[in-house]
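Participant: The structure's right below; bear with me while I get my questions together.
The values are calculated or read from the model by the stated rules, or taken from the named source; none is laboratory data. From a predicted model like this one, the values you see are computed outputs, not experimental measurements. Virtual Cβ from ideal backbone geometry, glycine too; neighbours counted across all protein chains shown. Only protein heavy atoms, including side chains, enter the accessible area calculation; ligands, DNA and RNA are left aside. Shrake-Rupley method; radii C 1.70, N 1.55, O 1.52, S 1.80 Å.
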Amino acid sequence: MSHEIFITQAGLAEGAGKSRWPARLDILQSLSGLVLALFMWGHMFFVASILFGADAMWMITKLFEGYFFFDESHPRLVSGVVAGIILVFVIHAGLALRKFPVSYRQYKLIRAHARAMRHGDTLLWTWQAYTGFLLFFLASAHLYQMLVWPQDIGPYASSDRIWSDGLWPFYLVLLLTVELHGGIGLYRLAVKWWVDAPRTVLRRLKWFLTAFFLVLGLATLAAYMKIGFEHREHYGERYTPAWLAPEQEGGR
Ligand code: HEM
């Protein structure tokens, strides 16, 4: 087997001298991945607030808009958080480019290599590369929407988007992709930096976490679809909790 398959841009740079940059970039990639994975856990719970009812999700939305601090909503605060996540996402994706095959020939060689070895962790790596590639597009579309229209987040606004605007298939694919990618990513982080990690325990933990967040995500998506379906005749109308006078602050 040719050693050629291991030659990526990063590999070439490593071979060129004793630069510490490849190691630094590796650490940065791991750190940015960890930040994104931890963010995703929080995100899944916040979005899942809809499972406790429209009021719960409305409160979470308003919390992020600073409503309980400033007595009025500032959706731009959400855009600020999204901008921060976009920055981490771009750094992470940019660094990941170093690991992608740079030609079709390299891609074929890597695939043949992974198949020949039948090595579980190598197969996981290929899945991470495929899902990571998909996330370039899917995550960008979602983040753009959240950045530009943060005022359209809420029990009815989100449900209308998911049902009446027909975005549920998009979210279904995004959910599967990100949970696989994140689960494998965290596992690989543990294996990489925690040298004596017991792999069988880690692998079980990984599947448990992936299954947990998939079930949570699917239940959440189903809840938005149900609300969106029931709300379809009133598309565009925003949610207002019963305990808020309509003239005070329109919910969404
Ligand atoms: C600060 C950045 C983000 C914000 C404010 C945000 C907000 C939201 C909101 C409000 C929803 C509910 C549906 C909707 O309103 O359209 C949602 C759903 C979702 N988001 Fe995000 N999101 C962010 C970043 C991300 C990232 C980086 C990913 C993954 C790469 C992601 C993946 C998902 C998935 C998979 C769903 C569907 C959830 C489910 O079905 O349980 N989000 N997001």
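Participant: Hey, got a sec? Which GluC sites (Glu not before Pro) in the range 155-252 land in a DSSP loop and have at most 11 other Cβ atoms within 10 Å? All intermediate terms of the calculation are to be shown ahead of the outcome.
Facilitator: Working: sites: E179, E230, E233, E237, E247, E249; in loops: E237, E247, E249.
Taking the range 155-252 and a limit of 11 other Cβ atoms within 10 Å, the loop GluC sites (Glu not before Pro) found are E247.
Participant: Another question about this same structure. Would you mind telling me the share, in percent, of accessible area of the chain contributed by carbon and sulfur at probe 1.4 angstrom?
Facilitator: Solvent-exposed carbon and sulfur of the chain make up 70 percent of the total.
Participant: Write down the accessible area per residue of the chain in Å², having rolled a 1.4 Å probe over the full set of protein chains.
Facilitator: Here the per-residue accessible area is 59 Å².
Participant: Further question on the same structure: Quick one: what Rg and Dmax do you get for the range 108-198 from the alpha carbons, in Å?
Facilitator: When restricted to Cα atoms, the range 108-198 yields Rg and Dmax of 17.5, 51 Å.
Participant: Over the Cα atoms of the range 3-234, what is the Rg over Rh ratio if Rh follows Kirkwood?
Facilitator: Here the Rg-to-Rh quotient is 1.02.
Participant: Given the -39500 (n - 2.57) contribution per DSSP H run of 4+ residues, what per-residue ellipticity at 222 nm results for the chain, rounded to the nearest 500 deg cm²/dmol?
Facilitator: Using -39500 (n - 2.57) per qualifying helix, the result is -24000 deg cm²/dmol.
Participant: In what order, largest first, do R115, R161 sit by accessible area if the probe radius is 1.4 Å?
Facilitator: R115, R161
Participant: Go through K18/K206; K108/K206; K62/K192; K62/K99 and tell me which ones have a Cα-Cα distance over 32 Å in this structure.
Facilitator: K18/K206; K62/K192; K62/K99
Participant: Sticking with this structure for a sec: Cα extents of the range 13-68 along the three principal axes, largest first, in whole Å?
Facilitator: Over the range 13-68, Cα extents along the principal axes are 59, 22, 10 Å.
Participant: At 30 angstrom or more along the helix axis (alpha-carbon based) and mean Kyte-Doolittle of 1.0 or higher, what helices does the chain contain? Whole DSSP H runs only.
Facilitator: Membrane-span-like by this rule: 21-47.
Participant: Would you mind pulling out the separation of the Cα centroids of the range 179-232 and the range 77-125, in Å?
Facilitator: 18 Å
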